[in-house]
Amino acid sequence: MACPSPSQLQKFQEDGFLVLEGFLSADECAAMQQRIGELVAAMDVPAHCRIEFSTREDEQLGTKGNKDYFLSSGDKIRFFFEKGVFDKKGNFLVPPEKSVNKIGHALHAYDPVFRSVTYSPKVQALAKSLGFQMPVVVQSMYIFKQPHFGGEVAPHQDSTFLHTEPLGRLLGIWIALEDATLENGCLWFIPGSHTGGVSRRLVRTPAGSKPDVSFLGSEPVRDASLFVPTPVRRGDLVLIHGEVVHKSEQNLSNRSRHAYTFHLMESLGTVWSPENWLQPTAELPFPPLYT
């Protein structure tokens, strides 16, 4: 189903997330997985850039290899790794293809397979059905959720990291390329949590400051009973409001949970915060979705 029905649109407005079943075919999913396998097989990441990815505040602000590798990745295709896959010298402790946490943040711009999906007619039709007038793509990621290694993603709001003024202009598109289950780390949401604003923000500090980023505000302790699991099948798409609180658990199963995700912003009447870690560049201005 490419576009939500009126009742689904209402549910999205109420809950802040929505599952659209069967958005991509099995062949489309397989093509993306094949392409990412080629990228991983060809990756050559210098040891000093082999940084572990985390959504935990203390780990984000700590020293994790070359942080510039992350902060300058908005207009590049770069590799980020799971915790515990390197020794002290940066050598792999596991097969490299099992070590990657995610690839980001410009697959949509530079890789033809992911560009074709991101700018496909059905994605454009979906955005129009949601009321987007001048949407732009601000980032994209391929997430692996590796078997046994795939770390938890702590409760968060996407607008913590990708802040807009006013709020409500950011939308996550999350597409399952493998079944996402309770066992391998499906998404969990707090329905309706997108109406309460943003509790914290990750901001770049002034040039020359250390650390390079800091948090404004703090993430409140969330009642675990409020989270609703959202298992989906391969090819299903999940709409994620920029302010809805969501998480995923560690993958302790023997099955990975691959997904492709990207974020859209309504650019009409919207200010992209100059304090965001991710900024458009001369090489890659935020490209419009509608072509």
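Exactly one condition in (1) more than 18 Å from the chain's Cα centre (by Cα); (2) at pLDDT below 90; (3) among the polar types (S, T, N, Q) is not met by T55; state its number.
Result: T55 fails condition (1) only.
Considering only residues of region 77-91 that are of a type outside the set (A, V, I, L, M) and either in contact with a helix residue (DSSP H, G or I) (Cβ under 6 Å, 6 or more places away or on another chain) or farther than 15 Å from P46 by Cα (or both), which is most open to solvent (accessible area, probe 1.4 Å)?
Of everything passing the filter in region 77-91, K83 is most open to solvent (accessible area, probe 1.4 Å).
Among the residues in region 257-273, are any part of a strand (DSSP E or B), aliphatic (A, V, I, L, M) and over 19 Å from the mean Cα position of the chain (by Cα)?
The answer is yes; a qualifying residue exists.
For region 20-48, what are the residues that are open to solvent by 40 Å² or more (accessible area, probe 1.4 Å), closer than 19 Å to R257 by Cα and outside any helix (DSSP H, G or I)?
Residues satisfying the conditions are E21, G22, S25.
Looking at S209, S159, can you tell me which residue is of a type in the set (S, T, Y) and assigned to a loop (DSSP other than H, G, I, E, B)?
Result of the check over S209, S159: S209.
Spot the failing condition for V203; the list is (1) closer than 21 Å to Q279 by Cα; (2) open to solvent by less than 30 Å² (accessible area, probe 1.4 Å); (3) part of a loop (DSSP other than H, G, I, E, B), and only one is missed.
So the condition that V203 fails would be (3).
Determine whether D75 is among the charged types (D, E, K, R) and closer than 30 Å to Y290 by Cα.
Yes.
Just name the residue that is modelled with the lowest pLDDT out of those in region 113-150 that are crowded, with 22+ Cβ neighbours inside 10 Å and part of a loop (DSSP other than H, G, I, E, B).
Checked region 113-150; the qualifying residue modelled with the lowest pLDDT is G150.
The values are calculated or read from the model by the stated rules, or taken from the named source; none is laboratory data. All of these numbers come straight from a predicted model, not from anything done at the bench. Every residue, glycine among them, receives a Cβ derived from its backbone with ideal geometry; neighbour counts consider all protein chains shown. SASA here: full protein model, heavy atoms, side chains in, ligands and nucleic acids out. Shrake-Rupley method; radii C 1.70, N 1.55, O 1.52, S 1.80 Å.
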